[in-house]
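Visitor: Sharing a structure with you now.
The values are calculated or read from the model by the stated rules, or taken from the named source; none is laboratory data. For clarity, every value in this text was computed on a predicted model and none was experimentally measured. All Cβ positions, even for glycine, are placed from backbone atoms using ideal geometry, and neighbour counts span all protein chains on display. Please note that ligands, DNA and RNA were not included when accessible areas were found on the heavy atoms of the full protein model with its side chains. Shrake-Rupley method; radii C 1.70, N 1.55, O 1.52, S 1.80 Å.
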Amino acid sequence: MAARTSETILVKGNADAVLGRQPGGGLIRPHDEVRSVSTVDRDYISKQAPMANAFQLASVLPGANVSTTDPFGFSPSTNISVRGLNGDALGYILEGMPLNDIAYYAGYPAQFADSENYQEVALAQGSADLDSPVLNAAGGLMNLSFIDPSEKPGGYASVSYGSYNTNREFIRFETGEIGHSGVRGFVSYSHGATDNWRGPGRDNRHHVDFKFVKAWGQGNHAAILGSWTSIITSYYPQVSLESWKQDGIGGANNLVGRYNRNNDAAGTDYWRLWRAPERTLYVGAPVHLHLTDRLALDVTPYSQLAYGNVPGGSTLSETGLYNGTQPLPDVLNLPGAQDGEATVRANYTQRSYRSGFNTALHYKLAWNDFVLGYWYDYTDDTEQQSFTTVSENGYASNIWAEKQSALIRVSDGQPLLAGSDHTISQTNALYAGDHMSFLHDRLVVDAGFKMVMLTRNGTNDVPGPQYRSNASYAEPLPRLGMRWRINDANQIFLNATTNFRAPDETAFYNTYDPSSGAISVAATPDTRPEYSISEELGYRRTGTWIIGSLTLFNYNFTNRQISTLVSQNGAIIQSTINGGGQTSRGVDVEIGTRPWHHLSPYVSGEYLHATIDNDIASGGDLLPTRGKIAVRSPSLQAAAGLSYDDGHFFGVATLHYTGHQFATFMNDERISDHTTGDLAIGYRFSDAVHLHAPTLRMNFVNITNEHYLSGVASPTMNARDTTGRYGTTISGSAPDYYVGGGFAALFTASTGF
């Protein structure tokens with residue numbers, strides 16, 4: 001859904017027995033891949049607020065910069081960037097099936113799994129795996145895995161209550177082995193709700209996860225798993241730097257709690273007009289078949305359904321309307337109209353169906369492990385911009401905008417639309433690789449090649465000069481990696497990978513202002529795809545007490561695509577800016593220790609130098625951007641964690657520092673650095689009757705109640721009027737920012753059974 005909005009990061013764990021005994025309190029573990037990998041496992045996850053999403057769980061790892069708008073992670077206005085690369089430059093995968101929105105590439109962590117069901121959440125900062133079914137992963141790969149279902153019947157339950165009238169309930173049932181079938185599984189349900197921490201509004205989320213597995217023979221196994229979410233969120237407005245300095249977390253930076261058609265915003269700032277509903281379903285069925293001693297087959301079919309509305313308050317004239325560029329003779333009778341203009345709710349609905357499969361054939365021969373694979377993906381995506389009347393008390397019916405009767409219609413019975421497009425996207429990818437192991441696995445070499453072919457066939461269904469919009473892309477993506485194990489404790493690795501990303505769907509279609517017939521956002525279907533080459537050189541140590549890594553990285557981009565937010569007839573949706581060439585270089589480091597007297601410290605950090613390689617065309621001139629710092633690219637980030645766990649009493653404190661970030665390509669506006677800290681403390685009781693490890697826990701988020709801008713929501717070319725290379729004055733426009741969530745406390749009682 002269009003939200004208002006590698007080194008590998010891994011979040012893993014399942015068995016309660018390992019809690020309190022993981023290096024760095026569960027924030028680091030040994031790896032031996034040909035690329036950089038960081039890990040957060042169950043030891044850490046189990047101590048965080050239970051509604052913490054995958055972005056928040058990974059936020060203290062090197063390179064990960066998470067922008068939040070609410071403390072508990074309900075809001076879709078949540079973003080992650082890795083090594084300065086935005087969240088839509090990452091691939092998101094749940095046990096082999098893709099989770100990205102195919103239209104905008106973004107991932108929405110509130111629609112992913114519940115944290116209680118995560119076994120691993122892995123984010124590869126440098127690149128995705130060769131066989132990953134993703135298109136956009138220049139920034140890496142976040143790989144999510146469920147816990148394995150228990151061998152015995154039982155379950156887990158928790159209840160939480162905290163700040164902002166937050167409540168959450170979770171229950172998971174484990175079937176154990178069903179009969180003598182070898183099938184075991186779990187099904188979980190959660191409900192959570194919270195008031196907006198600033199401004200009016202309340203979020204409400206229902207969620208179901210499930211997984212059933214069966215293993216047979218020598219290494220064969222199959223599963224069916226998935227997630228279903230129904231969520232309604234209240235909008236947190238993004239703010240300009242000027243409005244932030246003037247009003248901070250209050251005043252005009254919030255929506256209003258009462259509808260007033262006569263206020264300065266004509267009532268369009270009423271919070272109920274901005275409530276965003278979303279329903280998603282992800283289902284996958286990974287299968288591994290051990291065909292012979294040398295031959296194995298992996299197949300993962302998947303399907304994804306999503307429908308949502310990202311509405312906003314707007315105004316609409318009763319006369320002089322247009323359907324696209326076609327003038328309408330209609331005279332509307334809209335409730336509450338004054339001087340021929342009424343407040344309405346502007347809807348932006350997206351309905352998408354996605355299915356596909358990824359298959360890989362593995363053949364082992366001597367020191368070679370060959371892979372030959374094929375990925376096919378089909379997506380049907382429909383997006384419409386309709387309008388709904390608003391009554392005198394601010395009520396706009398059918399928040400989902402599904403019922404045609406609830407929409408404003410014209411004389412021919414059709415709904416009035418500012419935009420309507422339908423896109424069929426098909427991806428075909430062939431890949432081949434060889435994992436070579438020499439000298440008793442001391443030297444590993446990975447070589448691979450992937451050919452990705454993407455076609456988009458779409459129609460713009462409102463009258464105007466544009467009807468069909470088609471595009472095809474074919475990109476060869478070679479890669480090479482090596483890992484050398486010096487001894488049991490020390491190793492070095494290096495790799496070089498390539499990635500590409502096609503433009504977002506918003507680039508393909510004109511949208512129109514229904515009050516004038518003018519183009520609201522012009523299509524740019526000839527936008528060239530982004531292409532990148534990345535390299536890593538790293539060192540790892542896995543010692544008796546200390547585990548750590550240091551990674552040097554380098555990226556070179558052409559046609560760099562930068563995510564931003566734009567207003568289309570009142571609705572705030574995602575779009576992109578072509579940022580030209582970019583070079584990013586830096587170093588990541590992380591160090592953790594194994595538990596010592598139940599204490600486990602962890603530190604991570606990143607230095608990043610990301611620069612724009614060329615001047616960028618704007619307003620018929622060239623902005624002098626060559627050599628400027630790239631947006632969303634803080635030069636310094638650092639985090640620290642300290643965990644204590646003696647089996648009963650436990651606690652974890654984390655601290656995260658993010659340096660200043662530029663919000664414009666001209667570097668004429670930026671947000672300040674900020675430091676936030678979180679704390680969790682709790683106690684696990686011994687088993688009692690049928691209860692396993694009953695636990696009481698308190699979580700404190702942003703414990704110092706820091707008021708800060710957490711990230712750049714909508715970067716712009718230049719904030720101030722700028723003279724171009726050819727002497728033209730290029731007008732500036734103010735960027736918008738996410739406001740970080742305030743202090744929050746949450747109490748949770750949980751138990752296995």
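Visitor: Expressed as a rounded percentage, what relative contact order does the range 333-469 have, with Cα pairs under 8 Å and six or more residues apart?
Guide: Relative contact order, the range 333-469: 23 percent.
Visitor: Accessible area per residue of the chain at 1.4 Å probe, in Å²?
Guide: Result: 37 Å² of accessible area for each residue.
Visitor: What FRET efficiency, computed as 1/(1 + (r/R0)^6) with R0 = 41 Å and r the Cβ-Cβ distance, is obtained for residue 683 and residue 539, rounded to the nearest 0.05?
Guide: So, using R0 = 41 Å, E works out to roughly 0.55.
Visitor: May I ask for the net charge around residue 341, where only other residues with Cβ less than 13 Å from the Cβ of residue 341 are counted and Lys, Arg are +1 while Asp, Glu are -1?
Guide: -1
Visitor: Multiply the residue separation of residue 262 and residue 290 by 0.36 nm, subtract the distance between their alpha-carbon atoms, and state the gained length in nm to one decimal.
Guide: 3.1 nm
Visitor: Follow-up. Please compute the Cα-Cα pair-distance distribution of the range 304-379 with 5 Å bins starting at 0, giving whole percents from short to long.
Guide: Going out from 0 Å in 5 Å bins, the range 304-379 shows 3, 11, 11, 11, 10, 8, 7, 7, 6, 5, 5, 4, 4, 3, 2, 1, 0 percent.
Visitor: While we're on this one: Based only on Cα atoms, what Rg/Rh ratio does the range 416-526 have, Rh being taken as Kirkwood's radius?
Guide: The Rg/Rh ratio comes out at 1.30.
Visitor: Determine which lysines satisfy two conditions relative to residue 628: a Cα distance under 28 Å, and not lying fewer than 8 residues away in the same chain.
Guide: Within the straight-line cut-off, residue 628 pairs with 245.
Visitor: FRET efficiency for residue 221 and residue 707, Cβ-Cβ distance as r, R0 = 41 Å, nearest 0.05?
Guide: 0.25
Visitor: Largest first and in whole Å, give the semi-axes of the range 23-114's equivalent ellipsoid, each being the square root of 5 times a Cα gyration tensor eigenvalue.
Guide: 21, 17, 13
Visitor: Based on alpha-carbon atoms only, what is the radius of gyration of the range 282-344 relative to the globular estimate 2.2 N^0.38 Å?
Guide: Expressed relative to 2.2 N^0.38 Å, the Cα Rg reads 2.53.
Visitor: Considering only protein heavy atoms and a probe of 1.4 Å, how much of the accessible area of the range 33-131 is carbon and sulfur, as a whole percent?
Guide: 46
Visitor: Using the alpha carbons of the range 365-483, what is the convex hull volume per residue in cubic angstrom, as a whole number?
Guide: Convex hull volume per residue, Cα atoms: 176 Å³.
Visitor: Let me ask something else about it. State the antiparallel share, in %, of DSSP beta bridges confined to the range 202-320, rounding to the nearest 5.
Guide: In the range 202-320, DSSP labels about 95 percent of beta bridges as antiparallel.
Visitor: Quick one: with all protein chains in place, what share of the accessible area of the range 464-553 is carbon or sulfur, to the nearest percent (1.4 Å probe)?
Guide: 61
Visitor: Taking N as the number of residues in the range 676-726, what is its Cα Rg relative to 2.2 N^0.38 Å?
Guide: Taking N as the residue count of the range 676-726, the ratio is 2.46.
Visitor: Filter the GluC sites (Glu not before Pro) in the range 277-353 to those in DSSP coil with at most 15 other Cβ atoms within 10 Å of their Cβ, and list the result.
Guide: Answer in residue order: 318.
Visitor: Applying 1/(1 + (r/R0)^6) with R0 = 45 Å to the Cβ-Cβ distance of residue 487 and residue 151, what FRET efficiency is obtained, to the nearest 0.05?
Guide: Efficiency, rounded to the nearest 0.05: 0.75.
Visitor: Picking from 274, 661, 692, whose Cα lies most toward the positive end of the charge dipole for the chain (charges on Cβ: Lys, Arg +1; Asp, Glu -1)?
Guide: Final value for the positive-end residue is 692.
Visitor: With a 1.4 Å probe and every protein chain left in place, tell me how much accessible area residue 533 has, in Å² to the nearest 10.
Guide: 70
Visitor: At 0.36 nm per residue, minus the direct Cα-Cα distance, what do residue 747 and residue 338 gain on full extension? Give it in nm, one decimal, please.
Guide: Extending this stretch completely gives an extra 142.3 nm.
Visitor: Give me D for the range 63-194 in µm² s⁻¹, whole number, from Stokes-Einstein with Rh from the Kirkwood sum over alpha-carbon pairs, 4 °C and 1.567 mPa s.
Guide: The diffusion coefficient I find is 79 µm²/s.
Visitor: Once Rh for the range 279-419 is found with the Kirkwood sum over Cα pairs, what is the Stokes-Einstein diffusion coefficient at 20 °C and 1.002 mPa s, in µm²/s?
Guide: It diffuses with D of about 113 µm²/s by this estimate.
Visitor: Moving on to the next point. Only helical DSSP H runs with n ≥ 4 go in: add -39500 (n - 2.57) per run for the chain, normalise by residue count and round the 222 nm mean residue ellipticity to 500 deg cm²/dmol.
Guide: For the chain, the value works out to -500 deg cm²/dmol.
Visitor: Sticking with this structure for a sec: Count the net charge of all other residues whose Cβ sits under 15 Å from the Cβ of residue 397, scoring Lys and Arg as +1 and Asp and Glu as -1.
Guide: +3
Visitor: If you don't mind, another one. What is the distance in Å between the Cα centroid of the range 195-230 and that of the range 258-292?
Guide: What the calculation gives is 16 Å, centre to centre.
Visitor: So which trypsin sites (Lys or Arg not before Pro) in the range 353-436 are both in a DSSP loop and have at most 11 other Cβ atoms within 10 Å of their Cβ?
Guide: Answer in residue order: 403.
Visitor: Continuing with this model, one more query. Show me the GluC sites (Glu not before Pro) within the range 366-458 that DSSP assigns to loop and that have at most 12 other Cβ atoms within 10 Å of their Cβ.
Guide: 392
Visitor: Let me ask something additional. Tell me, what is the 1.4 Å probe accessible area of residue 405, in Å² to the nearest 10?
Guide: 100
Visitor: Follow-up question, since we're still on this one. Normalised by the empirical 2.2 N^0.38 Å for globular proteins, what value does the Cα Rg of the chain take?
Guide: 0.94
Visitor: To continue, here is another question. Carbon and sulfur: what percent of the range 296-369's accessible surface (1.4 Å probe)?
Guide: Result for the range 296-369: 54 percent of the exposed heavy-atom area is carbon or sulfur.
Visitor: Could you work out the Kirkwood radius for the range 40-92, taking every pair of different alpha carbons, averaging 1/r and inverting it, reported in Å?
Guide: Computed over Cα pairs of the range 40-92, the Kirkwood hydrodynamic radius comes out at 11.6 Å.
Visitor: Taking the square root of 5 times each eigenvalue of the Cα gyration tensor, what semi-axes in Å does the equivalent ellipsoid of the range 194-320 have, largest first?
Guide: Equivalent-ellipsoid dimensions as semi-axes: 49, 16, 13 Å.
Visitor: So what's the net charge close to residue 231: Lys and Arg +1, Asp and Glu -1, counting the other residues with Cβ under 10 Å from its Cβ?
Guide: Residues close to residue 231 contribute a combined charge of 0.
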